[in-house]
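Single-structure report; data block below.
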Amino acid sequence: MTRAEGPATTDDFRLLLGHFPTGVVAVTAIHATRPVGLVVGSFFSISLRPPLIGFGINNTSTSWPLISAGRTFCVNVLAADQDHVSRALAATGPDKFTDLSWHASEAGSPVIDGSLAYLDCDLHASHNAGDHLLIIGLVRRFRHLRSAAPLVFFRRGYWSLSSTPDSTQST
């Protein structure tokens, strides 16, 4: 689809941005003794000093108010074989963790078993950004759990990276 001029529709914009692959993470916390979570495809690093990460979520999310209530959360980097986790946490309803296996991080947030890595964060800032919230987390601790391909979302579906980067190339 090519659009030369004029305002883009929401569907046009979504289709265009679907040509850019995104990694998939699960953001989790404990609320009233129960695990809560959501899936994010807009996760990014912001700063090394201090260690800050960011992600965007729809401002109508019913899970985010539960996660942010405790001001701490965990970002789980999902592996290519964890599309079932993404689907479970993208669903609506209170029982998203029914079929998910997890253990508590040092800060007490859910670490989803099989994740590649996790980052325990404190809520640093939240900003309104159109129909989304831009969340910034201060990383308190992190851990690499296993080496495998990450879960990638591209053109409305889940993909796996099939090759490894050439470490001899300079950027």
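Within this structure, ASP95 fails the test of being in contact with a strand residue (DSSP E or B) (Cβ under 7 Å, 6 or more places away or on another chain) and among the charged types (D, E, K, R).
Total residues in the range 94-114 satisfying the condition of being in a strand (DSSP E or B), within 18 Å of SER63 (Cβ to Cβ) and either without any contact (Cβ under 8 Å) to a residue 24 or more places away in the chain or open to solvent by 20 Å² or more (accessible area, probe 1.4 Å) (or both): the figure is 1.
Consider LEU151 carefully, then state whether it is touching a His at 6+ places or on another chain (Cβ under 8 Å) and part of a strand (DSSP E or B). Judged against the criteria, LEU151 is not a match. When the residues of the range 88-138 are filtered to those that are in contact with an Asp or Glu (Cβ under 9 Å, 6 or more places away or on another chain) and of a type in the set (Ser, Thr, Tyr), which remaining residue is farthest from ILE46 (Cα to Cα)? So the residue we want is SER101. The set of residues from the range 23-64 being part of a loop (DSSP other than H, G, I, E, B), within 19 Å of VAL111 (Cα to Cα), out of contact with any Phe, Trp or Tyr (no Cβ under 6 Å at 6 or more places or on another chain) and among the aliphatic types (A, V, I, L, M) comprises just one member, ALA32.
Yes/no matrix, rows are residues, columns are (1) out of contact with any strand residue (DSSP E or B) (no Cβ under 7 Å at 6 or more places or on another chain); (2) modelled with pLDDT of 95 or more; (3) open to solvent by less than 50 Å² (accessible area, probe 1.4 Å):
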residue	(1), (2), (3)
LEU134	no, yes, no
ALA149	no, no, yes
SER162	yes, no, no
GLN169	yes, no, no
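In the range 9-43, of all residues being modelled with pLDDT under 80 and among the aliphatic types (A, V, I, L, M), the one that is farthest from ALA88 (Cα to Cα) corresponds to LEU16. Here PRO50 clears all of (1) exposed (fewer than 11 other Cβ atoms within 10 Å of the Cβ); (2) closer than 19 Å to GLY114 by Cβ; (3) not charged (D, E, K, R) except the condition numbered (2).
Is it fair to say PHE142 is aromatic (Phe, Trp, Tyr), outside any strand (DSSP E or B) and modelled with pLDDT of 95 or more?
Numbers: aromatic (Phe, Trp, Tyr): yes; outside any strand (DSSP E or B): no; modelled with pLDDT of 95 or more: yes.
Criteria not met by PHE142.
When the range 58-93 is filtered for residues that are farther than 23 Å from SER126 by Cα, in contact (Cβ under 8 Å) with a residue 24 or more places away in the chain and among the aliphatic types (A, V, I, L, M), the ones remaining, listed by number, are LEU78, ALA79, ALA80, VAL85.
The values are calculated or read from the model by the stated rules, or taken from the named source; none is laboratory data. Note that the coordinates shown come from a computational prediction; the quantities given were computed from them, not determined experimentally. Backbone-built Cβ (ideal geometry, glycine too); neighbour counts: all protein chains shown. To get the accessible areas, we keep the full protein, side chains included, count just its heavy atoms, and leave off ligands, DNA and RNA. Shrake-Rupley method; radii C 1.70, N 1.55, O 1.52, S 1.80 Å.
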